[in-house]
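The values are calculated or read from the model by the stated rules, or taken from the named source; none is laboratory data. Please read all numbers here as calculations on a predicted model, not as lab measurements. Positions of Cβ are generated from backbone atoms using ideal geometry, with glycine treated the same way; all protein chains shown enter the neighbour counts. SASA here: full protein model, heavy atoms, side chains in, ligands and nucleic acids out. Shrake-Rupley method; radii C 1.70, N 1.55, O 1.52, S 1.80 Å.
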Protein chains: 2
Amino acid sequence: MNAVTIKDVASAAGVSVATASRVLSGHPATSPDSRAKVESAAKELGFMPNAQARSLRSTKTDSIALLISDVRNPYFSDLAHAVEQHARAAGLMTFIGNANEDAAQQDDFLATMLSRRVDGLVIVPQGLNEESNQPSEMMNRVLSSGIPTIFVDRALPSVQVPAITANSAQALDEAVATLQSLGHQNIAFVGGPKHASTALERYSAFETALANNGLHADEALHFVGDFQPASGALAAKWLLENPAKPSAIIVADAPMAIGALRVWRELGVRVGSDLSVITFDEVDAMLIHDPPIATIGHDLSQMGKMAVQALREVMAGQKPEPEELISKFTLRPSVASAKATQVMEGKVRP
Amino acid sequence: MNAVTIKDVASAAGVSVATASRVLSGHPATSPDSRAKVESAAKELGFMPNAQARSLRSTKTDSIALLISDVRNPYFSDLAHAVEQHARAAGLMTFIGNANEDAAQQDDFLATMLSRRVDGLVIVPQGLNEESNQPSEMMNRVLSSGIPTIFVDRALPSVQVPAITANSAQALDEAVATLQSLGHQNIAFVGGPKHASTALERYSAFETALANNGLHADEALHFVGDFQPASGALAAKWLLENPAKPSAIIVADAPMAIGALRVWRELGVRVGSDLSVITFDEVDAMLIHDPPIATIGHDLSQMGKMAVQALREVMAGQKPEPEELISKFTLRPSVASAKATQVMEGKVRP
DNA sequence: CTTACTCATGTAAACGATTCCATGGAATCG
DNA sequence: CGATTCCATGGAATCGTTTACATGAGTAAG
């Protein structure tokens with residue numbers, strides 16, 4: 001395999017391993033002479049330092065772990081890409097792990113990363129355990145281990161970790177105001193699972209927005225999904241059968257919206273005329289949709305950048321403040337006036 | 001931090017480190033008695049083995065690297081997910097790296113992985129260097145290092161590495177036959193960059209399919225893109241200005257299709273009536289599109305599974321055969337009869 | 001009862017880097 | 001010119017595991 005070690009380099013260069021090591025890791029106390037000899041020997045032999053030996057001794061790995069729910073969710077793949085690019089710029093390798101919205105896989109990944117002694121963790125937390133209302137055991141271990149950690153996108157209440165989150169209050173206010181001014185009275189909301197802080201934030205901001213615009217919240221118009229496409233599909237049908245006949249709907253994430261849009265298309269519901277749709281997460285699929293879907297979203301590249309920056313501050317021993325990005329509402333043709341919506345009865349296009 | 005080592009566990013359990021190690025790594029020669037003592041001590045102390053020390057000595061890391069172009073491309077994120085799940089089932093951690101269609105980033109990632117001594121590599125190769133017509137230096141190093149490697153999705157000609165690829169000949173044949181039977185004579189093709197083997201395979205299969213169906217290939221109907229959304233957008237405009245007025249188009253990957261569909265929508269071109277569209281890669285965005293887009297695609301979960309399996313065979317010292325998945329054509333409403341296409345002149349909807 | 005063999009255990013040597021410490025020569029200072 | 005400082009260097013310890021080898025107890029076979 002790659003049997004060439006620093007020892008080989010040292011003897012080829014005619015110096016000790018200590019000197020070779022110093023040259024290769026940029027230590028100042030080296031003569032130009034030995035620097036030249038070691039460098040050329042290393043290149044000659046194709047020396048490639050063994051990262052585990054290095055970090056076993058030096059206790060740093062120049063790597064961080066990013067734990068997300070699912071790479072297949074475009075929201076998270078965009079976020080992952082942003083984190084990776086900014087970490088890379090700071091000389092850090094990023095390990096991406098999928099929790100698949102599953103606490104066991106999350107813990108598994110965290111355990112592996114702890115074993116590998118990554119220098120820091122960026123986590124989209126999966127939420128507290130349903131029964132115990134506590135973070136999982138592994139999460140507690142992470143938190144008590146003292147390894148630099150920050151949360152991104154979501155936060156955990158009661159856990160003191162810097163978090164980079166998004167605030168959608170303003171955007172939802174605008175969205176609801178827009179719908180209201182177009183004559184929509186019954187606005188449905190497809191939310192996320194209660195273990196996700198984003199789900200709570202979004203629904204409560206929605207309720208506030210309703211109140212601000214003279215509308216009243218109605219639990220019968222609230223569908224609790226799980227942020228996955230399948231539950232979006234269920235929500236789509238739930239909407240059509242809802243006795244209140246809502247004329248507009250706000251969906252709390254892109255995968256659920258994707259699931260829902262597919263069902264509506266199959267059933268012939270015309271988004272943007274039969275039904276006004278606004279969704280969270282400004283991802284490609286929403287923009288190529290015909291009609292384009294109005295979204296509430298934030299800059300993921302920015303979020304990734306802030307996450308890496310905050311993490312580096314923690315790694316440097318500082319205590320960064322939690323930060324909030326302000327989400328933006330973008331009106332698009334998926335939203336129309338409520339009048340067009342009267343046709344909802346004839347939901348299946350011939 | 002996590003200062004608890006196997007030494008601590010051993011002394012807490014009242015045995016030697018050797019025994020502790022044997023118990024913890026499941027070595028058979030251990031007594032039930034010491035097994036019990038060590039295990040409880042380990043749990044008690046929250047022992048978490050240091051992966052670098054372990055693999056420094058044992059020369060295995062139980063991890064593999066997956067090099068793809070870009071996680072944000074849904075095709076690759078699906079593939080990444082599949083590889084990860086199957087690797088995980090085999091007890092292997094997967095490191096995902098983005099090349100961003102950039103040889104420098106590819107080499108960077110490979111260097112890091114080589115340093116970390118991953119047990120194997122699954123690579124979507126970026127292609128040969130434009131000038132030298134050779135794999136990059138780092139790629140050569142990977143290949144000569146003897147580290148188990150397989151290619152997936154793409155292959156490199158002249159490089160002897162087992163590859164899992166897709167064969168689209170049949171699917172393209174069906175696709176072209178379908179178009180032809182609907183009266184389409186001028187079928188445009190938006191291909192990929194020539195450094196990608198998939199681009200070559202797809203275009204040459206397309207040419208064959210034309211011939212099989214009594215149509216002739218025409219370079220003026222071939223747009224060479226780069227697999228990214230922006231070049232899809234260019235292709236979309238190119239098509240509209242093409243003097244041959246093609247009535248149907250086949251796009252060689254999803255990101256380009258996404259870029260193109262967006263442009264067509266903005267310009268009011270009605271896909272499925274003004275223009276028949278077929279695209280490679282069966283991803284969500286194509287299915288929620290209205291109308292749904294006909295696709296040529298293959299089972300990515302299957303591809304991921306085969307990749308992991310082939311890699312494990314290489315790791316076990318075997319020499320697996322290259323394998324080909326057969327792509328499938330799925331007809332959807334984005335394809336219509338050519339007659340409807342006469343309206344192409346009035347391309348901008350009022 | 002001896003011999004041979006199995007088996008759990010401990011001691012110590014790896015693995016491949018970094019880094020502390022001692023050394024000796026050159027440079028600087030009074 | 002002698003004393004002090006500086007600096008590049010090499011030897012050796014170290015990081016936390018695994019594992020080759022030696023040991024000694026217990027067991028089965030003769």
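With the requirement that a residue be touching a residue at least 40 places away in the same chain (Cβ under 8 Å), within 11 Å of chain A (Cβ to nearest Cβ) and closer than 24 Å to A:Ser69 by Cβ, what does the stretch B:93-125 give you?
Selection gives B:Phe109 alone.
Going through A:Ala244, A:Ala199, A:Ala230 one at a time, which residue ends up being of a type in the set (A, V, I, L, M), open to solvent by less than 50 Å² (accessible area, probe 1.4 Å) and under 24 Å from A:Arg270 (Cβ atoms)? Even if it seems obvious, please write down each step before you answer.
Numbers: A:Ala199 fails: under 24 Å from A:Arg270 (Cβ atoms); A:Ala230 fails: open to solvent by less than 50 Å² (accessible area, probe 1.4 Å).
Just a single option satisfies the conditions, and that option is A:Ala244.
I'd like to check something: does the stretch B:100-108 contain any residue that is away from DNA strand C (no atom under 13 Å from the Cβ), in the same structural domain as B:Lys305 (by TED's automatic domain parsing), touching a strand residue (DSSP E or B) at 6+ places or on another chain (Cβ under 6 Å) and within 30 Å of B:Ser327 (Cβ to Cβ)? Outline the logic, then answer.
The first filter runs over the stretch B:100-108 and keeps only residues away from DNA strand C (no atom under 13 Å from the Cβ), leaving B:100-108.
Keeping just the survivors that are in the same structural domain as B:Lys305 (by TED's automatic domain parsing) gives B:100-108.
Pick out the ones that are also touching a strand residue (DSSP E or B) at 6+ places or on another chain (Cβ under 6 Å) and you get none.
No - not one qualifying residue is present in the stretch B:100-108.
Looking only at residues that are buried (at least 18 other Cβ atoms within 10 Å of the Cβ) and within 14 Å of chain A (Cβ to nearest Cβ) in the stretch B:5-32, which one is farthest from DNA strand C (Cβ to nearest atom)?
If we take residues in the stretch B:5-32 being buried (at least 18 other Cβ atoms within 10 Å of the Cβ) and within 14 Å of chain A (Cβ to nearest Cβ), then B:Leu24 is farthest from DNA strand C (Cβ to nearest atom).
When you go through B:Ala87, B:Ala42 one by one, which is the residue that is more than 12 Å from chain A (Cβ to nearest Cβ) and either closer than 21 Å to B:Glu282 by Cα or open to solvent by less than 20 Å² (accessible area, probe 1.4 Å) (or both)?
Numbers: B:Ala87 fails: more than 12 Å from chain A (Cβ to nearest Cβ).
Going through B:Ala87, B:Ala42 in turn, just one is more than 12 Å from chain A (Cβ to nearest Cβ) and either closer than 21 Å to B:Glu282 by Cα or open to solvent by less than 20 Å² (accessible area, probe 1.4 Å) (or both): B:Ala42.
Checking A:Ala188 against (1) within 23 Å of the chain's Cα centre (by Cα); (2) modelled with pLDDT of 95 or more; (3) not in a helix (DSSP H, G or I): exactly one of these is not met. Which one?
(1)
Take the stretch A:141-185 and flag every residue that is closer than 28 Å to A:His216 by Cβ and assigned to a strand (DSSP E or B). Before you say what the answer is, go through the steps one by one.
Filtering the stretch A:141-185 down to residues closer than 28 Å to A:His216 by Cβ leaves A:157, A:165-185.
Once the filter is applied, which keeps residues that are closer than 28 Å to A:His216 by Cβ and assigned to a strand (DSSP E or B), the stretch A:141-185 yields A:Thr165, A:Ala166, A:Asn167.
Tell me, please, whether a residue that is in a strand (DSSP E or B), among the β-branched types (Val, Ile, Thr) and within 21 Å of A:Val263 (Cα to Cα) can be found in the stretch A:212-226.
So the first thing to find is which residues in the stretch A:212-226 are in a strand (DSSP E or B), and the list is A:222-224.
This time we only want the ones that are among the β-branched types (Val, Ile, Thr), so: A:224.
This time we only want the ones that are within 21 Å of A:Val263 (Cα to Cα), so: A:224.
Looking through the stretch A:212-226, at least one residue is in a strand (DSSP E or B), among the β-branched types (Val, Ile, Thr) and within 21 Å of A:Val263 (Cα to Cα).
Please go through the stretch A:46-62 and pick out each residue that is out of contact with any Ser or Thr (no Cβ under 7 Å at 6 or more places or on another chain) and more than 7 Å from chain B (Cβ to nearest Cβ).
A:Phe47, A:Arg54, A:Arg57, A:Ser58, A:Thr59, A:Lys60, A:Asp62 - these are the residues of the stretch A:46-62 that are out of contact with any Ser or Thr (no Cβ under 7 Å at 6 or more places or on another chain) and more than 7 Å from chain B (Cβ to nearest Cβ).
When you scan the stretch B:234-284, how many residues do you find that are over 14 Å from B:Arg332 (Cβ atoms), charged (D, E, K, R), touching a residue at least 60 places away in the same chain (Cβ under 8 Å) and within 14 Å of chain A (Cβ to nearest Cβ)?
3
Among the residues that make up the stretch A:129-141, is at least one of them within 30 Å of A:Leu92 (Cβ to Cβ), open to solvent by 30 Å² or more (accessible area, probe 1.4 Å) and either without any contact (Cβ under 8 Å) to a residue 12 or more places away in the chain or outside the structural domain of A:Glu101 (by TED's automatic domain parsing) (or both)?
yes
Could you give every pair whose Cβ atoms fall below 6 Å, whose first residue belongs to the stretch B:50-70 and is more than 8 Å from DNA strand D (Cβ to nearest atom), and whose second residue is acidic (Asp, Glu) and at pLDDT below 95, counting only separations of at least 6 or pairs across chains?
B:Ser69/B:Glu101
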